[in-house]
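Every read-out reported here was derived from the displayed coordinates using simple, explicitly stated rules and does not represent laboratory data. The structure presented is a predicted model; accordingly, all values stated were derived computationally and were not measured. When we count neighbours, we look across all protein chains shown, and the Cβ atoms used for this are built from the backbone with ideal geometry, even at glycine.
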Amino acid sequence: MTKISVITINFNDQKGLRKTLESVTGQTYADFEFIVIDGGSTDGSKELIAQYQDKINYWVSEKDTGVFNAMNKGIKQSSGEFLIFMNGGDCFYDNKVLENIAADLTSEYDIYYGDNYKDNNGSKRLKTYPEKLSFSFFYNSSINHQSTFIRRTLFDSIFYYNENYKIASDWEFFVYAICFKNVSYKYLRKTIAVYDFTGISSNPKFRSIYEEEKKLTFNRYFPAFIDDYEFVEVLNSKRFLQFEHIKKYKISWKLLKAFINLLLLFLPKIKSK
C-alpha cells in the first residue's frame, strides 16, 4: 500500500480550516499521515486543530515567513511516499478520493495529477487538464497542488518551494521539474479536490506579482525560450484562433485572404530578416 502524506497549512482561516479538517479526517483510506502547519493564528484555528489532534500525526502553530515557508515545513515533517497539499479551505472531492487513488500511485511516475473544482463563494467550475504537459501549457497555466500527488523525494533531489516568492513557487516547482528536469508524470482522469478559489493566488490584485515571479523563473531557467514564447502567446491569442477557425471554411477563408492582400497593397512591404 502506498503511504500518502496530506499537508494542510493555515493562517487565521478557522472557517476554511474546519472544512479541510473534516474532509481529510473523513477519508476512508487508512494509510496516510496528516500534517497541519498553522502560522500562529489568533482566530481560534489553533484551538480547532487541538480538537482534531487525535487524527493528526503532526501539527504546529507558530509564526512563519509565508505560505511557502509553511509548506516547506510540512514537507520536512512528512514521511509518505507521495504528498498532497490540501490547504485551509480546500477539500477532497469526496471521502473516497484517497482510497480510489492509492492504487494509481506507483513507482512508475513521480507526479500524478487530476482535476479539481474551483469554488468561488459557492460557484463551482470543473477544471480539467491535458495529458501532455508542454512548456506552452505552463507558459499560461499550471497544475494545482490541491489535485497533485508529488513523490516526496523530488523535493530533496530538485528543490523545495522558493520562499522568496509570494504566489508562484508551486508553479515554479512544476515547470522546472517537468520541463527542465524531465520528471515523469501521469494524468489521472479523476476529480481530486474542491479548490478554494478565494485565496491570495486567485485575487486579481496579486496577478501582477504572480506574473513578475513567473518572469523571474523564465529568465532564471529558460532564458532562450522567452522570445519564442512571446510569439507563442500571440499564436494562442483569441484573434489568431479566430483566423484558424475561419480557415476551416473555404469561401470565408478566400474572402479573408483577398481582403488581406488588398490591405497589404497600401502598407509598407515587410523587410526580410
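Counting only DSSP beta bridges with both residues in the chain, the antiparallel share comes to about 35 percent. Neighbour counting of Cβ atoms within 10 Å sorts the residues Arg151, Arg207, fewest neighbours leading, into Arg207, Arg151.
Segment Ser184..Arg207, full-extension length gain: 5.3 nm, with 0.36 nm per residue of separation and the alpha-carbon distance subtracted. Of the residues Leu265, Ile37, Ile4, the one whose Cα sits farthest towards the positive end of the charge dipole of the chain is Leu265 (charges of +1 on Lys and Arg Cβ, -1 on Asp and Glu Cβ, taken about the Cα centre).
Computed over the range 1-131, relative contact order equals 34 percent, with contacts defined as Cα pairs under 8 Å that lie 6+ residues apart.
Evaluating 6.51 cos²θ - 1.76 cosθ + 1.60 at θ = phi - 60° for every residue in the range 111-119, the Karplus couplings come out as 10, 10, 9, x, 8, 8, 8, 9, 9 Hz, glycine and proline recorded as x. Distant-in-sequence amide contacts of Glu33, defined by a placed amide H-H separation under 5 Å and a gap of 5 or more residues or a different chain, comprise Ile4, Ser5, Val6. Couplings 3J(HN,Hα) for the range 58-69, derived from phi with the Karplus relation 6.51 cos²θ - 1.76 cosθ + 1.60 (θ = phi - 60°), are 8, 8, 8, 10, 7, 5, 9, 9, x, 4, 7, 5 Hz, where x marks Gly and Pro.
Sequence-ordered 3J(HN,Hα) estimates for the range 250-256 from the Karplus curve with 6.51, -1.76 and 1.60 and θ = phi - 60° stand at 4, 5, 4, 5, 5, 5, 5 Hz, glycine and proline given as x.
Here the residues Leu126, Leu256, ranked from fewest to most Cβ neighbours within 10 Å of their Cβ, fall in the order Leu126, Leu256. Here the chain is treated with +1 on each Lys and Arg Cβ and -1 on each Asp and Glu Cβ, and its dipole about the Cα centre works out to around 1760 debye.
The ranking of Lys96, Lys118 from fewest to most other beta carbons within 10 Å of each one's beta carbon is Lys96, Lys118.
Compute the Cα gyration tensor for the range 24-106, then decide on rounded, prolate or oblate, letting a ≥ b ≥ c be the square roots of its eigenvalues: rounded whenever a/c is under 1.5, prolate when a/b is larger than b/c in the other cases, and oblate in all that remain. Prolate. Here the simple spin-label model places points 7 Å from the Cα toward Cβ, and for Lys248 and Asn95 these points are separated by 4.5 nm. Helical content alone sets the calculated 222 nm signal of the chain at -10500 deg cm²/dmol, taking -39,500 (n - 2.57) per DSSP H segment of four or more residues and averaging over every residue.
Put simply, the amide H of Asp43, placed in the peptide plane, has neighbours under 5 Å in Asn12, leaving out anything fewer than 5 places away on its chain.
Remind me, relative contact order of the chain in percent, using alpha carbon pairs under 8 angstrom and six or more residues apart?
Values: 428 pairs, mean separation 51.9, N = 273.
Over the chain, the number comes to 19 percent.
Each of Val97, Ser184, Thr153 was scored by the projection of its Cα onto the charge dipole of the chain, and the greatest displacement toward the positive side belongs to Ser184; charges sit on the C-beta of Lys, Arg, Asp and Glu. Listed cross-link partners Lys118/Lys190; Lys19/Lys118; Lys190/Lys215 are compared with a 20 Å cut-off, the Cα-Cα value being larger for Lys190/Lys215.
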